[in-house]
């Protein structure tokens, strides 16, 4: 009896929900399709894992390369002396400033100048809020420009003047470098015009621009801004012109002979041979022109009353309040920092242009 009971077939209850049926209960095509899906899924998963692992290895390798190149001693040697110089300068300034007395009181120290810088920024934010309130009511703003607004006006003016100087100086300089006859004709004029002060150019530029923009109608740009920009152009184009001529004249004659043998057009020789060789000289001249233009701009804005940093310094000098000296020193520091930043930007543009030219 016990043997008969044990011989009974096992229960054929359905498999639990969520479990796959055994392969023996499915047909051959279904089994092959299922195996193919499983194989594709495994291949995709492994490929994704391999890709993620390779990305992680690339990132790790980059970090290792960066850490190998990183030199803490070199970074410390590059940053510590400038920081020490700034700290010593601020200390000497704070020590000797109270001992210098003027008609407006003692010379302000670093802390007083910092306080006025914060006050000027707060004034700018308050004016911006008032501008937004009036703009929402449809009332145009008619107040005076803030210190920050005058900074942007000066940047626009110097950009306009330097761009105009570059457009004039680079082609003329390249032509002078390629032609000895033209160089001999223009060089005396350059040597005569180069040392002329912006204060000498300003009255002439003012009369000419006033006569040209004195008609009816609103000009596209304010007259004072145009006068300042043209003055910047006349004083800053000479370094770019001279360096462009030197760069064009320093091209190897073998390159020019190859261009003649290949019968390159004048435009092809200029773009393929002359410009790549003269580009470092051109950027050096542009850096010098930008520095000269930024220095000239302050004097031009003082006299032309262009609402920039020069006018801010002049207005504070005429104001004669107890805060004027500190505000003038804020403007002086801003002029120096902005000039340094413009030079660094031009150096970065020169580096990028050199890399693109080599590639």
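Nothing in this text is a laboratory measurement; each read-out follows from the coordinates by a stated rule. Everything numeric here is computed off the predicted structure, so don't read it as measured data. Heads up, the Cβs are rebuilt from the backbone with ideal geometry, glycines too, and the neighbour counts pull from every protein chain shown.
A compact table of results
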{"read-out": "P(r) of region 242-306 over all Cα-Cα pairs, binned every 5 Å from zero, in whole percent", "value": "4, 17, 18, 16, 11, 9, 8, 7, 6, 4, 2, 0"}
{"read-out": "Euclidean distance of C-alpha centroids, region 81-118 and region 266-299, integer Å", "value": "38"}
{"read-out": "Translational diffusion coefficient (Stokes-Einstein; Kirkwood radius from C-alpha pairs) of region 198-343 at 25 °C, 0.890 mPa s, in µm²/s", "value": "135"}
{"read-out": "Cα gyration tensor of region 164-210 - equivalent ellipsoid semi-axes, whole Å, descending", "value": "25, 13, 8"}
{"read-out": "When the convex hull of its Cα atoms is projected in every direction, mean area for region 295-348 (nm²)", "value": "3.7"}
{"read-out": "Pair residue 204, residue 254: separation of 7 Å Cα→Cβ label points (nm)", "value": "4.5"}
{"read-out": "FRET efficiency, 1/(1 + (r/R0)^6) with R0 45 Å, evaluated for residue 318 and residue 95 via beta carbons", "value": "0.90"}
{"read-out": "Fewest-first ranking of 225, 234, 279, 345, using other Cβ atoms within 10 Å as the exposure measure", "value": "345, 279, 225, 234"}
{"read-out": "Ranking of 111, 314 by count of other Cβ atoms within 10 Å, fewest first", "value": "111, 314"}
{"read-out": "Region 150-245: C-alpha pair distances exceeding 18 Å, %", "value": "53"}
